[in-house]
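Reading through the structure tokens given below for one structure.
The values are calculated or read from the model by the stated rules, or taken from the named source; none is laboratory data. The structure displayed is predicted, hence computed values, not measured ones. Every residue, glycine as well, gets a Cβ built from its backbone with ideal geometry; the counts of neighbours run over all protein chains shown. Please note that ligands, DNA and RNA were not included when accessible areas were found on the heavy atoms of the full protein model with its side chains. Shrake-Rupley method; radii C 1.70, N 1.55, O 1.52, S 1.80 Å.
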Amino acid sequence: MTNRIGVVGVGASTAIGLDAPATAAAQRAGIAGFSEHPFMINKDGEPYILATVPSIHPGVTGEERYFQLVNSAYAEALEPLAGVSAEPFTISVIIGLPEQRPGLPSNLAKKLTAHLKSICPEYCRIDEIKTAYRGHAAGLMTLRSANKLLEAGSSQFCLVGGVDSYIEADTLEWLEENEQLHMPSNAWGFMPGEASAFLLLCSMKTAKRFGLLPKAELLSTGYAEEKALIKTETVCIGEGLTAAVRDGCQMLAENQKISQMYCDQNGEAYRADEHGFMIARLSDFFNDPSNYVAPADCWGDVGAASGLLFVNQICAAAEKNYGMGSVSMLWTSSESGDRAAAVFLTDRS
């Protein structure tokens, strides 16, 4: 990357925290946000176990649920710009969305775009909003697009986001039919969750100009495609994830190693296997290849929101001085084959 890109704003809304600091603190403490759904039951007649955002009523569905998921996190990430300038800042927005699946609201991208424009604070002016239905990898994939926009100088700031919710009735039934839900009869499934996360990005020069303190610096991103997909007869040996993580590691300095790793492992054997194969090939890039954090055990599988939530976790760890080091690897894996990785620096010296 020719220009250094920094994170100057973070917003989050999860089952374990209604803002970024609360989410980070709860995940660090190992607090889990799972509970029984008040009225939806599985095929065994038992309530679905989910991780839902507590401020949103269980009966809210469709695009309205996505609107409520993004509202506070969107405002939180933009808050550092309040009162900084007499003129509105021009920002570009890129949102990662779930992959197409049963239960996903129709025309979600169009509806969410209109909603975000309608709630944009007065100190910001949205240049454009781009969306991508790319699932788990979507959040980290937005970072590559944001870097290009900032390098081109078309916007001073870029807001990237990810939002997902697995709790729609049709989505839960689809997951159950595909044997992906974690249940007494399926130890290798995952707990459905929902969340949104946003990051406000700008060049380090822009941050200094407006007196904004970068929480983390984006060193590099990685991307690849996996051909051996989940829910197929093929056998995944982690080739796509290996290529994405290796791509992300290319900007590491000589003798610089990854000190901590966050990933979207969720209890499924497929994800555990590809992670293991990747580590077996790339262990030399890590201080401790066996050391990783998979926050889905606290906030559930949050799909497209995963990668950007991980950035919140490393920013909080650096701010509170409990991180395992200053070089963090984040990776996410979509069912359709997208594999995304990102390396962040959080050294404040």
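What to note about this one:
- Test: Ser203 is open to solvent by less than 30 Å² (accessible area, probe 1.4 Å) and either free of Cβ contacts under 8 Å to residues at least 24 places away in the same chain or more than 20 Å from the chain's Cα centre (by Cα) (or both): yes
- Thr113 being closer than 21 Å to Asp127 by Cβ and at pLDDT below 95: no
- The sole residue among Cys315, Cys236, Cys263 that is closer than 29 Å to Leu175 by Cα, open to solvent by less than 10 Å² (accessible area, probe 1.4 Å) and among the hydrophobic types (A, V, I, L, M, F, W, C) is Cys263.
- Whenever a residue of the range 329-349 is closer than 19 Å to Glu319 by Cβ, its partners that are modelled with pLDDT of 95 or more and among the acidic types (Asp, Glu), lying with C-beta atoms within less than 7 angstrom and at least six residues away or across chains, give the pairs Phe344/Glu217; Leu345/Glu217.
Condition check ((1) touching a helix residue (DSSP H, G or I) at 6+ places or on another chain (Cβ under 9 Å); (2) modelled with pLDDT of 95 or more; (3) part of a helix (DSSP H, G or I)) across all residues:
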residue: Ala304; (1), (2), (3): yes, yes, yes
residue: Val311; (1), (2), (3): yes, yes, yes
residue: Ala341; (1), (2), (3): yes, yes, no
residue: Arg348; (1), (2), (3): yes, no, no
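- Matching residues, the range 16-72, being in contact with a Leu (Cβ under 8 Å, 6 or more places away or on another chain) and outside any strand (DSSP E or B): Thr23, Phe34, Asn42, Val53, Pro54, Ser55, Ile56, Glu63, Tyr66, Phe67, Val70, Ser72
- Looking only at the range 39-63, and only at residues there that are open to solvent by less than 60 Å² (accessible area, probe 1.4 Å) and more than 22 Å from the chain's Cα centre (by Cα), the one that is farthest from Leu104 (Cα to Cα): Gly45
- All positions within the range 79-110 that are at pLDDT 95 or above and in a loop (DSSP other than H, G, I, E, B): Ala82, Pro98, Glu99, Gln100, Arg101, Pro102, Gly103, Leu104, Pro105, Ser106, Asn107
- Of residues in the range 1-37 being of a type in the set (A, V, I, L, M, F, W, C) and free of Cβ contacts under 8 Å to residues at least 40 places away in the same chain, the one surrounded by the fewest Cβ atoms within 10 Å (Cβ to Cβ): Ala29
- One residue from Gln156, Gln180 being in contact with a helix residue (DSSP H, G or I) (Cβ under 9 Å, 6 or more places away or on another chain) and open to solvent by 30 Å² or more (accessible area, probe 1.4 Å): Gln156
- Residue in the range 280-297 that is open to solvent by 10 Å² or more (accessible area, probe 1.4 Å), touching a strand residue (DSSP E or B) at 6+ places or on another chain (Cβ under 9 Å) and in a helix (DSSP H, G or I) present: yes
- Residue, surrounded by the most Cβ atoms within 10 Å (Cβ to Cβ), within the range 323-335, restricted to residues that are under 11 Å from Gly240 (Cβ atoms) and hydroxyl-bearing (Ser, Thr, Tyr): Ser333
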